[in-house]
Amino acid sequence: MDFYNRKKKLGDILIDAGVINREELSAALEEQVINKEKLGVTLIDMGFTTEREIALALHRQLGYDMTSLLGISIDDKVIKLVNDGILRKNLMIPFEFKKDNPGLLRVAMADPLDMVAIDDVEIATGLRIEPVIATPTEIAATLDRYFGNAEVRAVAERYTRETQVPREAINDPNRVDIESSPIVILVKTMIEQAVRLKASDIHIEPLETKIRVRYRVDGILKETMGYDSSLLNGILARVKIISGMDISEKRKPQDGRLSMIVDRREYDLRVSIMPTAFGEKAVLRIASKGDLTKDKKELGFRVGELEKFNRILQNPHGIILVTGPTGSGKSTTLYTALSELNREEVNIITVEDPIEANIDGINQIQVNPKAGLTFASALRSILRQDPDIIMIGEIRDTETAQIAVQASITGHLVVSTLHTNDAASSFNRLIDMGVESYLLADASVGIIAQRLVRKLCTCKSVRYTKSKENELLGLEPEARQAIYEPVGCQLCNGTGYSGRIGVYEIISVTDKIKEAVSNRENTNQIKEIAISEGMTTLRENASAYVIEGLTSLSEMMRITFNE
């Protein structure tokens, strides 16, 4: 590292790279006096730049190497060179020895100009350090991967040592409402790890001999940690405190909510606690506004489906339904549709249970049955609020279904969700709920059925189909089609999959379908009409993803088992 690089400041580097201007730097420096954060963090929080832009600017202006830590495998000899406390404090991680110089340790750093951090590692290792630039998020995730479980286990052991008292005393709320206490750190670390693993849910489960912690990643639950049963009351007391529950109540189910910032991004967590045979079980569902309000092109619509989706959204009135099981991405599709429709001249009102993400410019109502605010009662009031578009979180009962259909006929666009296996069965589900078939036919403009499939990681392996598999994929019996299977690597945590994508079945309600609905035709007949008019089924769209190598045959079968 030359003398010039040691003296140059981050603000000047970013200005020279064209990432920020002088006014933005001045504003960030003023804010930095108040928030006491590093300059890079302040610039990102103020929206002037991103982690990636800062990393690229440092790489180009200073000439340091830049690396991606995603999926990287670090040798034990390297990872054990430095105490994880030093690495966490300075947001850095050693990842390899220099190939042509084993006495030089390459260390991924968010801030390669931090000479104090470099000196700390050089003293701890007795080696010379070569800084390599990486983003803070990737460094934090990699630290979690290599040290996370050990850190959590150490905190759990510390808590056990500090509570060498009868189990009844562990439930004392005063023991856990201190920010530096082990149990507070334990719960906070548990949530941070789940967020960095892109988990949607955390399950804290009391078993007969231990506490099991599982994360749901890409729709699949996986055990990540086990604790001694003596920690249960302390963990649950902390979870109850931060989510606004009654910590003394152990016999009844409770629901709560909390917000938490992880890596400068805010996450909402919905918490449910339920008494079980061996104690209370907690499930924390993690949601982020950014995850729910995506660009519609990111949802996974194929070209034909995206065009249909756009046409359906252009209707000024009528009812649009999104159907599928729990966890199939219905809320994301609805929020994406609302964001698309959200304009100054449009009054959008939602009634939800719960509100999953706050969207600027949209009036959102939280259902509260205890106060008499149900979906049905809220809908009646909404109609007096001069709405253009109404979003109903879920149609659960006859009254809500009837009011929703009536509202869509009287000049409003209504969007909602329904639990059905496919698009065609939605009509008969609403008729069974008591909606008149002729009203439903008149009101309906589009039905979207959806599922989520896991995407194969880049570590996938290729093989060729057998005759029975060709039949499932809609191919000729003798076809020799290349398809891919999951393998597992560091990048995907050994699962073989990374991320998910939507699979859709869309019915644009035409005159023929309206007539069939009005005449109470059965689901199969409606489905046949929709297919004859160009609808692609869930199975066909999932098959296309298998043939393209995006997902596996087993994933296709998992989401289309009933077809």
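The values are calculated or read from the model by the stated rules, or taken from the named source; none is laboratory data. Keep in mind that what you see is a predicted model, and the values were worked out from it rather than measured. Don't worry about glycine lacking a Cβ; one is built from the backbone with ideal geometry, like all the others, and counts go over all protein chains shown. For accessibility, only protein heavy atoms count, side chains too; no ligands or nucleic acids. Shrake-Rupley method; radii C 1.70, N 1.55, O 1.52, S 1.80 Å.
I'd like to know if the range 95-104 contains one or more residues that are more than 22 Å from GLY148 (Cβ to Cβ), touching a Gly at 6+ places or on another chain (Cβ under 7 Å) and at pLDDT 85 or above.
no
Tally up the residues in the range 535-561 that are farther than 20 Å from SER498 by Cβ, open to solvent by less than 40 Å² (accessible area, probe 1.4 Å) and assigned to a loop (DSSP other than H, G, I, E, B), please.
Residues in the range 535-561 being farther than 20 Å from SER498 by Cβ, open to solvent by less than 40 Å² (accessible area, probe 1.4 Å) and assigned to a loop (DSSP other than H, G, I, E, B): 3 in total.
Residue check, ILE359 against (1) in contact with a helix residue (DSSP H, G or I) (Cβ under 6 Å, 6 or more places away or on another chain); (2) among the β-branched types (Val, Ile, Thr); (3) more than 17 Å from ILE320 (Cα to Cα); (4) surrounded by fewer than 23 Cβ atoms within 10 Å (Cβ to Cβ), all met but one. Which one?
(1)
Please give the strands (runs of 3 or more DSSP E) falling wholly within the range 325-417 in which 2 or more residues are touching a strand residue (DSSP E or B) at 6+ places or on another chain (Cβ under 7 Å) and of a type in the set (A, V, I, L, M, F, W, C).
Working: elements: 348-352, 363-366, 389-392.
Output list reads 348-352, 389-392.
Working only within the range 107-124, note down all residues that are in a helix (DSSP H, G or I) and open to solvent by 30 Å² or more (accessible area, probe 1.4 Å).
Selection gives MET115, VAL116, ASP119, ASP120, GLU122, ILE123, ALA124.
For residues that are open to solvent by 40 Å² or more (accessible area, probe 1.4 Å) and among the acidic types (Asp, Glu), scanning just the range 260-286, find the one that is farthest from the chain's Cα centre (by Cα).
Step by step, filter the range 260-286, then rank; the result is ASP263.
Run ILE183 past the list (1) under 30 Å from LEU456 (Cα atoms); (2) at pLDDT below 90; (3) touching a helix residue (DSSP H, G or I) at 6+ places or on another chain (Cβ under 8 Å); (4) open to solvent by less than 30 Å² (accessible area, probe 1.4 Å) and report the number of the one that doesn't hold.
(1)
Suppose we filter LEU491, LEU472, LEU430 for residues that are open to solvent by 30 Å² or more (accessible area, probe 1.4 Å), over 19 Å from THR350 (Cα atoms) and touching a Leu at 6+ places or on another chain (Cβ under 6 Å); which single one remains?
Just one listed residue meets the conditions, LEU491.
Let's see how each residue does on (1) in contact (Cβ under 8 Å) with a residue 12 or more places away in the chain; (2) touching a helix residue (DSSP H, G or I) at 6+ places or on another chain (Cβ under 9 Å); (3) closer than 30 Å to SER426 by Cβ:
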residue: LYS468; (1), (2), (3): no, no, no
residue: LEU472; (1), (2), (3): yes, yes, yes
residue: LEU491; (1), (2), (3): yes, no, no
residue: TYR497; (1), (2), (3): yes, yes, yes
residue: ARG500; (1), (2), (3): yes, no, yes
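Are there any strands (runs of 3 or more DSSP E) wholly within the range 423-530 with 1 or more residues that are within 22 Å of ARG311 (Cβ to Cβ) and of a type in the set (S, T, N, Q), and if so which?
Filter on the range 423-530 gives 444-456, 497-508.
Can you tell me which condition LEU70 does not meet? The list is (1) touching a residue at least 40 places away in the same chain (Cβ under 8 Å); (2) more than 27 Å from the chain's Cα centre (by Cα); (3) under 26 Å from GLY494 (Cβ atoms); (4) open to solvent by 60 Å² or more (accessible area, probe 1.4 Å), and all the others hold.
(2)
Of all residues in the range 228-259, count the ones that are open to solvent by less than 30 Å² (accessible area, probe 1.4 Å), closer than 15 Å to VAL187 by Cα and under 23 Å from the mean Cα position of the chain (by Cα).
The number of residues fulfilling the criteria is 4.
Within the set of pairs 6+ apart or on separate chains, which have a first residue in the range 10-31 that is outside any helix (DSSP H, G or I), a second that is among the small types (Gly, Ala, Ser), and C-beta atoms under 6 Å apart?
So the pair list comes out as ALA17/ALA57; VAL19/ALA57.
From the list VAL367, VAL346, VAL351, VAL322, which residue is in contact with a Gly (Cβ under 7 Å, 6 or more places away or on another chain) and among the aliphatic types (A, V, I, L, M)?
VAL351
For (1) in a strand (DSSP E or B); (2) farther than 20 Å from LEU197 by Cα, each residue gets a yes or a no:
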position: LEU69; (1), (2): no, no
position: VAL78; (1), (2): no, yes
position: VAL82; (1), (2): no, yes
position: LYS89; (1), (2): no, yes
position: ILE93; (1), (2): yes, no
position: GLU96; (1), (2): yes, yes
position: PRO102; (1), (2): yes, yes
position: LEU105; (1), (2): yes, yes
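Filter the range 1-44 down to residues that are at pLDDT below 85 and within 31 Å of the chain's Cα centre (by Cα) and give me whichever is least open to solvent (accessible area, probe 1.4 Å). Reasoning before the result, please.
Filtering the range 1-44 for residues at pLDDT below 85 gives 1-9, 35-38, 41.
From what's left, within 31 Å of the chain's Cα centre (by Cα): 35-38, 41.
On the way: ASN35: 51, LYS36: 160, GLU37: 85, LYS38: 103, VAL41: 34 Å².
Applying the filter and picking the extreme gives VAL41.
Yes or no: GLU515 at pLDDT below 95, open to solvent by 10 Å² or more (accessible area, probe 1.4 Å) and not hydroxyl-bearing (Ser, Thr, Tyr)?
No: the conditions fail for GLU515.
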